[in-house]
Amino acid sequence: MSTIVDAVQAAAARITSRLEAELLMGHSLNRDRAWLYAHARDDLDPDQRSRFETLVLRRQQGEPIAYITGSREFYGRDFLVSPAVLIPRPETELLVDLALARLPQTRCRVVDVGTGSGCIALTLAAERPGWQITAVDISPAALEVCASNSQRLGLEQVRLLQGDLLGPVQDEPFDAIVSNPPYVAANDPHLEQGDLRFEPQAALSAGPMGLAVIDRLIDQATGRLRPGGWLMLEHGHDQGRAVVDRMLRAGLHDVRTHPDLAGVDRVTLGQRPAASRQQNLQSDRVMNGLSSRSDPRARRQ
Ligand SMILES: C[S@@+](CC[C@H](N)C(=O)[O-])C[C@H]1O[C@@H](n2cnc3c(N)ncnc32)[C@H](O)[C@@H]1O
């Protein structure tokens with residue numbers, strides 16, 4: 001026989017993390033950590049011991065804890081994850097913070113490109129119930145995970161679309177295009193290390209410099225932003241300069257890179273210049289499918 005606390009201690013020594021050993025025990029018993037502390041001296045039966053041992057072995061072999069337990073917290077909410085999606089990272093919360101700070105509180109149309117688990121799109125939807133949010137991913141398996149999360153969080157108003165970058169939202173103008181796209185260079189040795197070995201390659205790597213998806217997204221995004229709309233991109237620690245250059249070349253203004261909590265360049269924002277009244281009217285006509293002759297406002301210009 002062994003007690004919960006004995007089994008946790010032994011596992012903690014093997015996987016070199018007490019916290020992870022407790023998370024695995026909680027997961028195997030379907031209990032939270034507070035319950036474990038209250039029942040630390042309870043005996044485990046053979047089934048419980050063997051279930052726990054299986055989880056500890058998976059962790060010892062390097063499998064990410066989030067894939068073993070099937071969830072990860074992001075912005076204070078629990079998101080289901082599976083090997084079909086990237087495990088949400090704390091640094092991505094900066095992108096959410098910036099979107100919440102920069103965009104109007106109500107009536108805002110936002111698309112999250114490469115939504116994965118949906119952590120960005122669904123967090124924005126939870127924080128700003130008035131926003132119209134679309135989440136796009138090229139991977140149908142990732143979108144299934146996102147759909148489960150939207151159901152669990154009661155956020156089914158978020159529209160989920162499968163496809164390549166902004167392809168599924170042709171001709172729709174957005175107040176913001178947000179994305180944490182794949183940005184790791186294809187030959188980066190980190191892809192063979194740690195959690196990254198288990199995560200989907202299509203969620204991580206993007207061409208020789210890691211900028212292949214970012215380049216295509218910036219090209220597509222500028223024409224899909226409303227005047228005054230924002231493009232907000234997460235990127236690698238050494239890609240800030242390259243992303244700034246590309247956004248400026250694409251005609252965006254107020255381009256600036258923001259560091260994450262570790263002080264590392266992480267998110268770059270750029271804004272489509274606000275249009276003149278004439279341009280606004282033209283853009284409204286395109287959105288509403290009106291010709292200039294049929295728009296009475298045009299004749300008053
Ligand atoms: C780095 S993950 C980000 C996932 C999630 N947004 C997050 O922050 O945790 C990138 C996501 O982009 C998706 N993706 C990769 N290439 C894409 C493309 N061309 N069009 C749409 N989605 C793409 C991947 O399937 C993956 O889910």
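Where a number appears in this text, it was derived from the coordinates with a stated rule and is not lab data. Remember, it's a predicted structure, so these values are computed and weren't measured experimentally. With ideal geometry, Cβ positions are generated from the backbone for all residues, glycine too; neighbour counts draw on all protein chains shown.
Numbers for the structure displayed
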| quantity | calculated |
| --- | --- |
| Projected area, mean over directions - the range 161-222, Cα convex hull, nm² | 4.8 |
| Helix axis angle, 4-15 relative to the chain longest principal axis, alpha carbon, degrees | 60 |
| The chain - mean residue ellipticity at 222 nm from DSSP helices (-39,500 (n - 2.57) per run, n ≥ 4, rounded to 500) | -11500 deg cm²/dmol |
| Whole-Å distance, taken between Cα centres, linking the range 102-135 and the range 1-76 | 34 |
| Relative packing of peptides 142-149, 128-135 - highest average C-beta neighbours within 10 Å first | 142-149, 128-135 |
| Along principal axes, Cα extents of the range 86-277, largest first, whole Å | 51, 40, 31 |
| Helix axis angle, 140-152 relative to the chain longest principal axis, alpha carbon, degrees | 80 |
| Theoretical gain in end-to-end length, residue 60 to residue 6 [0.36 nm per residue, Cα-Cα removed] | 17.6 nm |
| Within the chain: Cβ-based charge dipole about Cα centre, in debye rounded to nearest 20 (Lys, Arg +1; Asp, Glu -1) | 1420 |
| Among beta bridges that DSSP assigns inside the range 86-277, antiparallel share in %, nearest 5 | 35 |
| Order by protection proxy (mean Cβ within 10 Å, highest first), peptides 11-24, 108-121 | 108-121, 11-24 |
| Crossing angle, helix 212-221 versus the chain [Cα axis fit, 0-90 degrees, rounded to tens] | 40 |
